[in-house]
Amino acid sequence: MASSTSAESPPPIEPSETMLDTVAAQAAAIDELIDLAQHRLQIFDVDLSQCGWQTAARAERLVAFLRRAPSSKIDLIVHDTRRLETSCPRLLALLRMHTPAFTVYRTGSEAKSAMDPLLIADGRHFLHRFHFDQPRASLAIEQPQLARPLVTRFEQIWATGEPGLGATVLGL
């Protein structure tokens, strides 16, 4: 009988915080966070040029996330959408197929100085790269109290944004 309970709900996640020193470790952490996410991903990056955003495996993970729940949502904001437009065709296809659930914004002038990429999953787990030019980052799992200030930071960056890409302009 205990096995039927575990099949219905995932086992509790142990809280952790880890420092990462390489871009490869961050790419793996992004995949882990996407796999953990149940409802919402908030992503801020300079231009998605690092950490494997252009790969098929990443796109497949994002599709799996969007299929987990009808209310799943991805909010992505970047300083520059050119890399997304030229090197991430799978993300563009995902945007076209899941337009209501996937929003892409470009940062406004007030947030152009932000250089610390973030990925926040459900307001509970996050990857925070301290600066785009340096490979150091913090990965936190099941740490909503540590995520709260980063959620606020993301929301401040998001508030400066403007539509970056829409499903109707893909391929232009």
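The values are calculated or read from the model by the stated rules, or taken from the named source; none is laboratory data. Remember, predicted model here, so these are calculated numbers, not experimental data. FYI the Cβ positions are ideal-geometry reconstructions off the backbone, even for glycines, and counts take in every protein chain you see.
Descriptive notes on the structure:
- Residue under evaluation VAL46, criteria (1) more than 22 Å from THR22 (Cβ to Cβ); (2) among the hydrophobic types (A, V, I, L, M, F, W, C); (3) buried (at least 16 other Cβ atoms within 10 Å of the Cβ); (4) under 15 Å from the mean Cα position of the chain (by Cα), criterion not met: (1)
- Verdict on SER71 being surrounded by fewer than 16 Cβ atoms within 10 Å (Cβ to Cβ), assigned to a loop (DSSP other than H, G, I, E, B) and without any contact (Cβ under 8 Å) to a residue 60 or more places away in the chain: yes
Residues checked against (1) in a loop (DSSP other than H, G, I, E, B); (2) out of contact with any helix residue (DSSP H, G or I) (no Cβ under 9 Å at 6 or more places or on another chain); (3) within 16 Å of PRO117 (Cα to Cα):
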position	(1), (2), (3)
ILE13	yes, no, no
ALA28	no, yes, yes
ASP35	no, no, no
GLN50	yes, no, yes
ALA57	no, no, no
LEU76	no, no, yes
GLU85	no, no, no
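- Looking only at the range 151-166, and only at residues there that are in contact with a helix residue (DSSP H, G or I) (Cβ under 7 Å, 6 or more places away or on another chain) and in contact (Cβ under 8 Å) with a residue 60 or more places away in the chain, the one that is farthest from ALA140 (Cα to Cα): LEU165
- Top-ranked residue of the range 121-152 - restricted to ones that are within 14 Å of the chain's Cα centre (by Cα), crowded, with 16+ Cβ neighbours inside 10 Å and not aliphatic (A, V, I, L, M), ranked as farthest from LEU84 (Cα to Cα): ARG124
Here's the yes/no breakdown for (1) at pLDDT 95 or above; (2) out of contact with any strand residue (DSSP E or B) (no Cβ under 8 Å at 6 or more places or on another chain):
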{"residue": "LEU48", "(1), (2)": "no, no"}
{"residue": "TRP53", "(1), (2)": "no, no"}
{"residue": "PHE65", "(1), (2)": "yes, no"}
{"residue": "PRO70", "(1), (2)": "no, yes"}
{"residue": "LEU76", "(1), (2)": "yes, no"}
{"residue": "ARG82", "(1), (2)": "no, yes"}
{"residue": "ARG96", "(1), (2)": "no, yes"}
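- First in the range 110-136 and under 11 Å from LEU33 (Cα atoms), second anywhere and basic (Lys, Arg), Cβ under 7 Å, 6 or more apart: ASP122/ARG40
- Put simply, of LEU84, LEU95, LEU66 the only residue that is under 13 Å from the mean Cα position of the chain (by Cα) and under 22 Å from GLU155 (Cα atoms) is LEU66.
- Of all residues in the range 93-108, those satisfying the criterion of being assigned to a strand (DSSP E or B) and in contact with a helix residue (DSSP H, G or I) (Cβ under 7 Å, 6 or more places away or on another chain) are PHE102, VAL104, TYR105.
- Residues that are within 13 Å of the chain's Cα centre (by Cα) and of a type in the set (S, T, N, Q), drawn from the range 20-43: GLN26, GLN38, GLN42
- Members of the range 122-144 that are assigned to a loop (DSSP other than H, G, I, E, B) and of a type in the set (S, T, N, Q): GLN134, GLN143
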